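Remarks on the structure that follows.
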Amino acid sequence: SQKIEQNSEALNIQEGKTATLTCNYTNYSPAYLQWYRQDPGRGPVFLLLIRENEKEKRKERLKVTFDTTLKQSLFHITASQPADSATYLCALDRGSGGYQKVTFGTGTKLQVIP
Amino acid sequence: KAGVTQTPRYLIKPRGQQVTLSCSPISGHRSVSWYQQTPGQGLQFLFEYFSETQRNKGNFPGRFSGRQFSNSRSEMNVSTLELGDSALYLCASSFGQAVDEKLFFGSGTQLSVL
């Protein structure tokens with residue numbers, strides 16, 4: 001069956017360090033992968049999208065990689081700050097059929113310690 | 001530009017009753033997707049509507065239904081409530097024209113079934 005796994009439920013890192021979150025998937029052939037941030041009591045907020053033919057995407061302190069051979073995406077936050085503390089979700093879809101059925105991982109809760 | 005609006009924010013209902021949740025998408029967005037979020041299962045896709053038609057459906061029982069109006073506003077209905085239906089219900093909107101569009105989420109409706 002199709003599955004999306006994010007490396008851990010929680011990740012604690014020291015302020016200033018680089019946080020690396022992992023998203024692994026099985027039985028999918030996604031055309032693209034998205035990352036979202038979710039704060040408590042709020043809906044997810046879109047951060048980055050990377051397509052299957054792209055190896056890496058950057059936006060300010062964020063970097064996403066996408067390895068379709070390993071079936072894995074890595075999400076990096078450099079120079080992490082306490083304000084980066086949140087739950088991060090990866091999401092993917094096969095990108096076929098002309099409509100969306102975006103499937104989300106269960107998320108990794110990141111805590112940046114001052 | 002106003003974001004996605006979900007009402008009500010909180011809802012407490014007894015088992016066996018039914019509930020209707022509302023979602024107003026961003027102006028110009030024609031696609032509305034609904035998700036159920038629980039601590040154990042994460043974000044689970046319920047269904048997606050585009051131009052008043054259900055385009056895609058997740059693996060939920062028939063007690064979960066939805067509809068979309070001509071102004072793209074959407075409602076979700078859960079009948080014969082069960083304790084396991086307690087969750088955060090999120091809706092997300094997008095233009096619905098391309099499969100790789102980012103989703104814009106509302107803050108959700110927190111449903112508690114007693």
Counting partner chain Cβ atoms within 10 Å of every residue's Cβ in A:33-43, what's the average?
4
Buried accessible area between B and A (1.4 Å probe, both chains summed, ligands and nucleic acids excluded), in Å² to the nearest 100?
1900 Å²
Quick calc: nm separation of the 7 Å Cα→Cβ label points for B:Ile12 and B:Arg30 -> 4.2 nm
With respect to the cross-link table entries A:Lys71/A:Lys101; A:Lys55/A:Lys101; A:Lys59/B:Lys57, which display a Cα-Cα separation exceeding 29 Å?
A:Lys59/B:Lys57
Can you give me the Cα centroid spacing of segment B:66-114 and segment A:1-61 in angstrom?
22 Å
Surface/4 estimate of mean projected area, convex hull on alpha-carbon atoms of segment B:28-92, nm²
4.3 nm²
In nm, to one decimal, how far is the B:Phe69 label point from the A:Glu9 one, both placed 7 Å along Cα→Cβ?
4.1 nm
Quick one: grab Rg to one decimal and Dmax as a whole number for segment A:38-114, Cα atoms only, in Å.
13.6, 46
Cα extents of the protein assembly as shown per principal axis, largest first, Å, are 49, 39, 38
What are the GluC sites (Glu not before Pro) within segment B:1-110 that DSSP puts in a loop, where the Cβ has at most 14 other Cβ atoms within 10 Å?
B:Glu52, B:Glu82
Counting partner chain Cβ atoms within 10 Å of every residue's Cβ in B:86-94, what's the average?
2
Viscosity 0.890 mPa s, temperature 25 °C, Stokes-Einstein D of chain B from Kirkwood C-alpha radius, µm²/s
175 µm²/s
Here the net charge surrounding B:Gly106, from other residues whose Cβ is less than 11 Å away from its Cβ (Lys, Arg +1; Asp, Glu -1), is +2
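The values are calculated or read from the model by the stated rules, or taken from the named source; none is laboratory data. Bear in mind that the values here come from a model prediction, so they are computed numbers and not experimental data. Cβ: placed from backbone, ideal geometry, glycine included. Neighbour counts: every protein chain shown. Each accessible area value is taken on the protein alone, full model and side chains, heavy atoms only, with ligands, DNA and RNA left out. Shrake-Rupley method; radii C 1.70, N 1.55, O 1.52, S 1.80 Å.
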